[in-house]
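Here is the structure we will look at.
The values are calculated or read from the model by the stated rules, or taken from the named source; none is laboratory data. The shown structure was predicted, so the numbers you read here are calculated from the model rather than taken from an experiment. With ideal geometry, Cβ positions are generated from the backbone for all residues, glycine too; neighbour counts draw on all protein chains shown. Side chains included, ligands, DNA and RNA excluded: accessible areas come from the protein's heavy atoms. Shrake-Rupley method; radii C 1.70, N 1.55, O 1.52, S 1.80 Å.
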Amino acid sequence: MIWVLIFPLLSSFLLVVFGKYLSKKIVSFTAPLSILISFIISLFYFSRASEGIIYKIYNWISVGNLKIDIALKWDPLSSVMVLMVTGVSFLIHVYATGYMHEDKSFSRFFAYMNLFTFFMLVLVLSSSIIMMFVGWEGVGLCSYLLIGFWFEKESASKAGMKAFIVNRIGDLGFLIGIFWILYTVKSADFDLINAAAVSGKIPVAIASLIGILLFIGATGKSAQIPLYVWLPDAMEGPTPVSALIHAATMVTAGVYMIVRLNGLFSVAHFASTVVAVVGVFTAFYAATIAITQNDIKKVLAYSTISQIGYMIFAAGIGAYSAAIFHLITHAFFKALLFLGAGSVIHAMGGIQDMRKMGNLRKYMPVTFYTFLIAGLAISGIPGFAGFFSKDEILASSYFSGHKILWSIGVLTALLTAFYIFRLIFMTFYGKERMDEETKHHLHESPKSMTIPLIILAFFAAIGGYVSLPKFISEHSIWEEYLHKIIYVKSELHFIHSIELNLTLLSSALAFLGVLIAWYLYVKKPNLPIIISNKIPFIYKLLLNKYYVDEIYEFVFVNPFVFGSEGIYEWFDKPVIDGTVNGSGKTTLFLGKLLSKLQTGQIRDYIYSILFGVALLLTLLLMGV
Amino acid sequence: MICGYSVIFLSIVLFLIGIAIFISKKTFIMMLIGAEFSLNAINLLLVFFSKVKNNLDGQIFVIFSLTVAAIEVATGIAIAVILYRKHKIQKREDLKELKG
Amino acid sequence: MLETIIFLVLALIITGGGIYILLSKEPVYSVFALVVSLLSMAGIFALFGATFIAALQIIIYAGAGVVMIVMAVMFYKYEHNSLTKLKKWWLGALLLFVLFLDLSAILFKFEKSALSLNPTSTVELSKEFFKHYIYPFELVSVLIIVGIVGVLIFAKERKNK
């Protein structure tokens, strides 16, 4: 089992060390191959997953009662995740060999990508929360490296920094949560944590607090309100990176973490409610922003935030298997959307503004049809993957009594269909708005890019059939498979006739969304501008993403700037002006005094060390 | 029977002698010898406790400590030699780059 | 009784070697004193029954390590006037004295312990070593490689300078 992890790591290591000497051909062969091997190995072990095996590798930390092993957990949940991660990652690697072909740091790119896959596998395979945190930080690091991959571009390196810092805020909460768990449960093992929570060893209030702390970590990594601001900026990275990290795998880590600790979260009702509310509001909020964005990748970024909001929502209301189901289907169709967008950007020579595209359907048929399938899937048109998973979430929320949240979720489904078909119609239909030169270069992407698209499109189309709605079949393969890892089974009763109506309603809304998009962007392309002129306030609000970046800048960044400037103006200056030996000079003097300590003489340092040790020992012995 | 106190006492004395050598000598190589001396005192302590507690961990740590000390000597000497060859520095007073 | 005498003799030799290094002004003699001390330390290890450690001590320390130091000492061109009087020696002496008092005070916090002198079997030691310490062992080997490469890079003459 450990070999699943070793191959990506090995390949990444090789590429880092020997990357300079390897030809592009070898690199584009080894990097996807290592992932493919991992995928095959995990397929091979798949049948054993239902038993839930733990592969212990090494006894990592053993302090008193606390024992933390480096161990891999191979159970239904992790097996599904590993298959998804390696499978999607492999396809994206293949795609990237075509997409990144012109780039000069070809091998560096694949080294990071392989490293990322390795850390992601560590995250999903870990059996203890500490090891999960290692993977959690590892993927964060790789995400930072890959967002800032084109570090010559200032905006790219700034976006990388932003992602890193925003994630640190979330990680702080996550870390405190982990420590609290270690303190109360005296173990980091997921099974023991869940068991302790379910059996009531953790008081409910504390479980809620821990749950909220962990969820703060999830909001950072999974880009939820209020820490989502890094994800749209993360689109500065190469498109395969956006597809792999910021759509399919890493950003769903928060959902995975909540589902992994479902025992804890189902006890902590308050935390679960917070999770559900934040999730559904993020879904709605990000969908409204996605309507107005003109950058093709930004639309997809907000769509990702919105879809993850759905998953978080599902996890919050206790529909854990639905959350993971949506996670997997989303991985397929969102990776496909990003790769399709990448294919478009590739053909357009780097232009991402949808206002400069149009009628691309004629030039790139494969990209168009696969993109269309993904669009159908995400908007929940019956028959495609997204339909099944989204409906399961919405039905669960309805039947668990969260009617208000359910109505917001349904509204979001309408918005989803609208913005994604707005994107499709703007890009692939209508007038050709690009300039002549770009038009001249338009071409279908190479085979290495289109084949992954086709495979992903296949899964985006049929992936949903593993879990049919309850009114068709009471037994869902998916739910039965994941049954074992869920600690508190939900007692929801799905009333078939109502469920059927709900499904009809949401499908109708999806079709409505598509229709509105068609009417506004194909039939009457002038109308959107008229509308946006009619309600300039709302349009501007949405276009500028509710000014959240500006608000954050104002609330969190500016006080520091203002504060320091204020101190300079109102404190430093008068003091310096007023007195001859002002505070500035005092500081300078103190600094000089302190710098005398830095003598550069080794012996003085040894003396100070000895002095410290002697002092400490004496104090200890005197029993102070 | 060897008295346990005497072994620990010997270790303390050797450790302090090592530090004394380290701070009183002026050339890098002699300082290195002092450091080695102190390390050896600690090794003695490790072996002693390993025997008293009948636990092999102590001796295993001595093996590690020996190895690391060997590397340390090699690197330390390389630095000393390079300082001498490039900058003609062999006394620590001459090394003033670290001064604040 | 016999082992106590042997131990005391060896301890005296080591301490004497240390004090000689401390006071001597001749680097080559100091290194020889170091060798004598290290060999006596190996004797103490052997006396305690840690025969394998004793062997390692002779091979690695007294052998390889000291050879390197001797080589380096011979490379140096010593300026003999370098041994000027130490400044602030009283400060160091004071600190060391305080440390000595502290450590001796700690010494008496230990229980009086009996020392078993029967030899440790190397087989047992290596079994333990390779069972529980295999990863640290590999890491140390990496450290050695890093050390070797580092020293080589240090020592290499750079032609362009």
For chain A, the longest principal axis of the Cα atoms and the Cα long axis of helix A:204-221 enclose an angle in degrees, to the nearest 10, of 70 degrees
Compute the FRET efficiency between residue A:480 and residue A:273 as 1/(1 + (r/R0)^6), taking r as their Cβ-Cβ distance and R0 = 30 Å, and round to the nearest 0.05. 0.60
For region B:26-89, the fraction of alpha-carbon pairs in successive 5 Å shells from zero, as %: 4, 18, 21, 18, 13, 10, 7, 5, 3, 1, 0
Take the alpha-carbon centre of region A:469-530, take the same for region C:6-23, and report the distance between them in whole Å. 86 Å
Chain B: longest segment with zero exposed trypsin sites (Lys or Arg not before Pro), where exposed means DSSP loop plus at most 11 other C-beta atoms within 10 Å, is residues B:1-87
Based on DSSP H runs of at least 4 residues, each adding -39500 (n - 2.57), what is the mean residue ellipticity at 222 nm of the protein assembly as shown after dividing by all its residues, to the nearest 500 deg cm²/dmol? -23500 deg cm²/dmol
Debye, to nearest 20: dipole size of the protein assembly as shown, +1 on Lys, Arg Cβ, -1 on Asp, Glu Cβ: 1740 debye
Sum up the charges of everything whose Cβ sits under 13 Å from the Cβ of residue A:526, counting Lys and Arg as +1 and Asp and Glu as -1, but leave residue A:526 out. +4
Looking only at chymotrypsin sites (Phe, Trp or Tyr not before Pro) in DSSP loops with at most 12 other Cβ atoms within 10 Å, what is the longest site-free stretch of chain C? C:1-107
Residue C:130 and residue A:55 label points (each 7 Å along its Cα→Cβ direction) are spaced in nm at 2.4 nm
Given +1 on the Cβ of Lys and Arg, -1 on the Cβ of Asp and Glu, and no further charges, what dipole in debye does region C:121-161 carry about its Cα centre, rounded to the nearest 20? 420 debye
Per q in 0.09, 0.15, 0.18, 0.19 Å⁻¹, report the Debye log10 I(q)/I(0) for region A:415-536, using one uniform scatterer on each alpha carbon and no solvent. -0.50, -0.99, -1.13, -1.17
With the solvent-accessible surface defined on protein heavy atoms using a 1.4 Å probe, which residues belonging to region C:2-24 display a reduction of at least 40 Å² in accessible area in the multichain context relative to the isolated chain? C:7, C:15, C:21, C:22
With +1 assigned to the C-beta of every Lys and Arg and -1 to the C-beta of every Asp and Glu, and no other charges, what is the dipole magnitude of region B:26-89 about the Cα centre in debye, to the nearest 20? 300 debye
For the ranges A:609-615, A:234-240, what's the packing order if you count other beta-carbon atoms within 10 Å of each residue, average per peptide, and put the highest first? A:234-240, A:609-615
So if the hydrodynamic radius of region C:121-161 is defined as the Kirkwood radius over C-alpha pairs, what does Stokes-Einstein give as its diffusion coefficient at 4 °C and 1.567 mPa s, in µm² per second? 103 µm²/s
Kirkwood hydrodynamic radius of chain C, from inverse mean 1/r over distinct Cα pairs, in Å: 19.9 Å
Whenever you get a sec, compute what percent of the accessible area on the protein assembly as shown sits on carbon and sulfur atoms (1.4 Å probe). 72 percent
Distance in nm between residue C:12 and residue A:183 label points, each 7 Å along Cα→Cβ, equals 5.9 nm
Mind giving me the nanometre distance, one decimal, between the label points for residue C:97 and residue A:372, set 7 Å out from Cα along Cα→Cβ? 9.5 nm
When the charge dipole of chain A is computed with +1 on Lys and Arg Cβ and -1 on Asp and Glu Cβ about the Cα centre, the Cα farthest towards its positive end, among A:531, A:428, A:241, belongs to A:428
Can you tell me the relative contact order of region C:1-81? Whole percent, Cα pairs under 8 Å, sequence separation 6 or more. 27 percent
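Just the number, please: buried accessible area between C and B, total of both chains, 1.4 angstrom probe, nearest 100 square angstrom.
On the way: alone 13930 and 7520 Å², together 14660 Å².
Between C and B, the summed buried area is about 6800 Å².
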Can you give the Rg and Dmax of region A:153-309 based on its C-alpha atoms, in angstrom? 16.5, 53
Considering the options A:208, A:338, A:266, tell which one lies farthest towards the positive end of the dipole of the protein assembly as shown, charges being +1 on Lys and Arg and -1 on Asp and Glu at the Cβ, about the Cα centre. A:338
Taking the square root of 5λ for each eigenvalue of the C-alpha gyration tensor of the protein assembly as shown, the equivalent ellipsoid has semi-axes, largest first and in whole angstrom, of 64, 33, 28
By how many nm would the segment from residue A:161 to residue A:534 lengthen if fully extended, with 0.36 nm per residue of separation less the alpha-carbon distance? 130.5 nm
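Please work out the average accessible area per residue across chain C, using the 1.4 Å probe convention, and give it in Å².
Heavy-atom accessible area per residue stands at 62 Å².
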The farthest towards the positive end of the charge dipole of region B:1-95, of the residues B:87, B:12, B:70, given +1 on Cβ of Lys and Arg and -1 on Cβ of Asp and Glu, is B:87
Can you give the angle from 0 to 90° between the axis of helix A:129-147 and the longest principal axis of chain A, with both taken from C-alpha atoms, to the nearest 10? 70 degrees
On complex formation of A with C, accessible surface lost, both sides summed, probe 1.4 Å, nearest 100 Å², amounts to 1200 Å²
